[in-house]
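Throughout, read-outs are computed from the coordinates displayed, never taken from laboratory work. Source: prediction; values computed, not measured. Cβ: placed from backbone, ideal geometry, glycine included. Neighbour counts: every protein chain shown.
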Amino acid sequence: MPPVFDTDACLPDLPRRLEPWPGAATHPQVASCLERARRHGGWRWPDKPVIFLSDAHADAEGFLRSLIAAGVVRRRGARIELTAFGRGARIVLGGDSLDKGPSNLALLDAIAALRATGADIHILAGNHDLRMRMAIAALRGPRSALHDHLFARMGRKILPALREVLVRFVTAADLARLPDEAACKTRLMPRQDWAVRFAAAARAELRPKVVAKEIRKLEEKLRKFDRDRARSGMSYREILAAALKCHEVFFEPGGTYAWFYETMDVVARSGSLLFVHAGLCDNMCDALVTEGPAAVNARYREAAERASPGFYFGPLANLVRTKYRASDCELTDRGVSALHRAGIHMVVQGHVNNHEGQRLLAKRGLLHLEGDVTLDRASRALEGLEGIGAGATLIFPSGDVIGLSRDYPRAKHFAPDRMS
């Protein structure tokens, strides 16, 4: 196996010793998943090492430390370069690159620097990345009952990113083209009769229960939006200017960060492993088996460009949102069996952040590896974790899986082919 651990002096708190993955050999539900994989042809592993790194949440330093910890890059002053190991590895970013902090644009600049090294990098969508896309798209084109609330619904958590775009990209001329504060607020917020019009328009896309919940939820979101807007220090004119500039920067061809969404997929398969931000449902299991990941990615990309509430609550967006709640699209044994027959035995995901490194567990009878190790400083501060996060999941052609995190004293080692 190639070397796993970087000895860079700036990462003294990363583990240097391996231990068997806790619970992998003894947990009955995990054992049942492993037995099912054996009955369906066993494991096929990637043709080169895969580094899975998820939920960077706008923390460039945590992201870079994780790449260093995984042994794929080294720093040369302010520059990064691939190691020999990094040149032969594939890096999968498991979604939620945006939001929280400290800097969305610094994180995107760090990903751009990694791309510039020639790294084999695969960017997946997360729910926070989708939120940015839907909030910005809601301000484009004519207003409609289905979309009129989406900026207020999705936009509160992207306020830090909007402030960064305002500072870096918005000019005095951009602001001068906008109407007064009251008019800008009117454009950003849903109209007063929105609830009635939305209930009628959404009937064809959403169940009545979901419609009622969305209307209730918006009332709470509006209160929070106004509070957080005041905290951000931005006027409604500045928010609208930044949101319109985001379309230019992120979604127009040639925009500074257009590559981020242009290259984004929602699933990736390598051997017996499926990489996705959140999880699956029966509908997506069927699509993956019958159409393949490329077709699912194409469907997601097309639907995300014209996203509506029906898409957001449907099977495609479920890939970036599900936590297997009763309200999520359902994953049953039918979908899990279809995956196993197709040779997919484990989901590698982000979305569920952990405080002691990666977790291996069975969900709905399917093996899941949770790879969100709480990298970003905003989450760490809120959840009582010290310092800057670092960690990655390394998967080797040999069938060895390593979970590395600064918040767990040893590196976790999982090798299902060698488990009895």
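On a straight-distance basis, which lysines could pair with residue 209 in a cross-link, Cα separation under 22 angstrom, same-chain partners fewer than 8 positions away excluded?
Candidates past the 8-residue exclusion: 217, 221, 323.
Enumerate the whole-percent occupancy of each 10 Å bin, from 0 to the last occupied one, for all C-alpha pair distances of segment 297-339.
With 10 Å bins starting at 0, P(r) equals 27, 48, 25, 1.
Taking the Cα centre of segment 218-275 as the origin and placing charges on Cβ (Lys, Arg +1; Asp, Glu -1), which of 275, 241, 257 is farthest toward the positive end of the dipole?
With unit charges placed on the Cβ atoms, the residue in question is 241.
Angle check, please: helix 236-246 long axis (alpha carbons) against the longest principal axis of the chain (alpha carbons), in degrees 0 to 90, nearest 10.
Compared with the principal axis, the helix lies near 50 degrees.
How much of the DSSP beta bridge set in the chain is antiparallel, as a percent to the nearest 5? Working shown, then result.
Values: 24 of 43 bridges.
Just about 55 percent of them are antiparallel.
Any idea which of 208, 134, 183 is furthest toward the positive side of the dipole for segment 130-256, if Lys and Arg beta-carbons carry +1 and Asp and Glu beta-carbons -1?
Going by the Cα projections, it comes out as 208.
For the Cα atoms of the chain, what angle does the longest principal axis make with the long axis of helix 159-168, in degrees from 0 to 90, nearest 10?
Rounded to the nearest ten degrees, it is 80.
How big is D, in µm² s⁻¹, for the chain by Stokes-Einstein at 25 °C and 0.890 mPa s if Rh is the Kirkwood radius over C-alpha pairs? Kindly include the intermediate steps, with their values, before the conclusion.
On the way: Rh = 22.3 Å.
Approximately 110 µm²/s, per Stokes-Einstein.
With all distinct Cα pairs included, what does the Kirkwood hydrodynamic radius of segment 19-98 come out to in Å, to one decimal, could you say? Don't skip to the end; give the middle numbers.
Values: mean 1/r = 0.0654 Å⁻¹.
Across segment 19-98, the inverse of the average 1/r is 15.3 Å.
Would you compute, for the Cα atoms of segment 11-51, the largest minus smallest coordinate along each principal axis and list the three values in descending order, in whole Å?
42, 29, 11
Semi-axes of the equivalent ellipsoid of segment 82-134: what are they in whole Å, largest first, if each equals the square root of 5 times a C-alpha gyration tensor eigenvalue? Spell out each step's value before the answer.
Details: eigenvalues 107, 32, 12 Å².
Result for segment 82-134: semi-axes of 23, 13, 8 Å.
Just check segment 130-256 against the gyration tensor rule for me: Cα atoms, a ≥ b ≥ c as the square roots of the eigenvalues, rounded for a/c under 1.5, and otherwise prolate or oblate depending on whether a/b exceeds b/c. Mind dumping the intermediate values first?
Details: a/c = 1.96, a/b = 1.67, b/c = 1.17.
Prolate, because a/c is 1.5 or more and a/b exceeds b/c.
Quick one: dipole size for segment 128-168, taken about the Cα centre, charges +1 on Lys/Arg Cβ and -1 on Asp/Glu Cβ, in debye to the nearest 20. Each step should come with its number before you reach the end.
Details: 9 positive and 3 negative charges, 11 e Å.
The dipole of segment 128-168 has a size of about 60 debye.
Picking from 381, 324, 337, whose Cα lies most toward the positive end of the charge dipole for segment 311-420 (charges on Cβ: Lys, Arg +1; Asp, Glu -1)?
337
Dipole magnitude of segment 331-373 about its Cα centre, charges +1 at Lys/Arg Cβ and -1 at Asp/Glu Cβ only, in debye to the nearest 20? Please report the intermediate quantities before stating the final value.
On the way: 5 positive and 4 negative charges, 52 e Å.
The dipole of segment 331-373 has a size of about 240 debye.
Using just the helices of the chain, give the 222 nm mean residue ellipticity in deg cm²/dmol: DSSP H runs with n ≥ 4 each add -39,500 (n - 2.57), and the total is spread over all residues, rounded to 500.
Numbers: 19 runs with 175 residues, N = 420.
One gets -12000 deg cm²/dmol as the mean residue ellipticity at 222 nm.
Would you mind computing, in nm to one decimal, how far apart the modelled labels at residue 398 and residue 248 are, each placed 7 Å from Cα along Cα→Cβ?
5.2
Alpha carbons only, please: Rg and Dmax for segment 222-344, in angstrom.
For segment 222-344, the Cα-based Rg and Dmax read 18.1, 55 Å.
Magnitude of the Cβ-charge dipole of the chain, K/R +1 and D/E -1, about the Cα centre, nearest 20 debye? Working shown, then result.
Values: 62 positive and 49 negative charges, 134 e Å.
That gives a dipole near 640 debye.
Sort 251-262, 301-312, 337-348 for me by packing, meaning the mean count of neighbouring Cβ atoms within 10 Å per residue, highest on top. The partial results should precede the final answer.
Details: 251-262: 14.8, 301-312: 17.4, 337-348: 19.9.
Descending packing order for the listed peptides: 337-348, 301-312, 251-262.
I need the peptides 381-388, 267-274 ranked by packing, meaning the mean over residues of other C-beta atoms within 10 angstrom, with the highest value on top. Walk me through the numbers on the way to the answer.
Values: 381-388: 12.5, 267-274: 21.4.
Highest to lowest by the protection proxy: 267-274, 381-388.
If you fit an axis through the alpha-carbon atoms of helix 127-137 and take the longest principal axis of the Cα set of the chain, what angle between them do you get, 0 to 90°, nearest 10?
30
Please label the shape of segment 25-152 as rounded, prolate or oblate, based on the square roots a ≥ b ≥ c of the eigenvalues of the alpha-carbon gyration tensor (a/c under 1.5 means rounded; beyond that, a/b larger than b/c means prolate, else oblate). Let's see the in-between values first.
Details: a/c = 2.46, a/b = 1.23, b/c = 2.00.
Taking the square roots of the gyration eigenvalues as a ≥ b ≥ c, segment 25-152 is oblate.
Report, in whole Å, the centroid distance computed from the Cα atoms of segment 267-287 and segment 59-128.
Rounded to whole Å, the Cα centres lie 23 Å apart.
So, how do all the Cα-to-Cα distances of segment 184-242 break down into 10 Å bins, in percent, from 0 on up?
20, 42, 28, 10
Write down the Å³ per residue value for the convex hull defined by the alpha carbon atoms of segment 325-412. Let's see the in-between values first.
Working: hull volume 9.6 nm³, N = 88.
Convex hull volume per residue, Cα atoms: 109 Å³.
In the calculated pair distance distribution of segment 365-420, what percentage of Cα-Cα distances lie above 16 Å?
Counting pairs separated by more than 16 Å, the tail of P(r) holds 53 percent.
Report, ordered by chain and residue number, the lysines lying within cross-link reach of residue 412, taken as a straight Cα distance under 23 Å and ignoring same-chain residues fewer than 8 apart.
Leaving aside lysines fewer than 8 places away in the same chain, those within reach of residue 412 are 48, 363.
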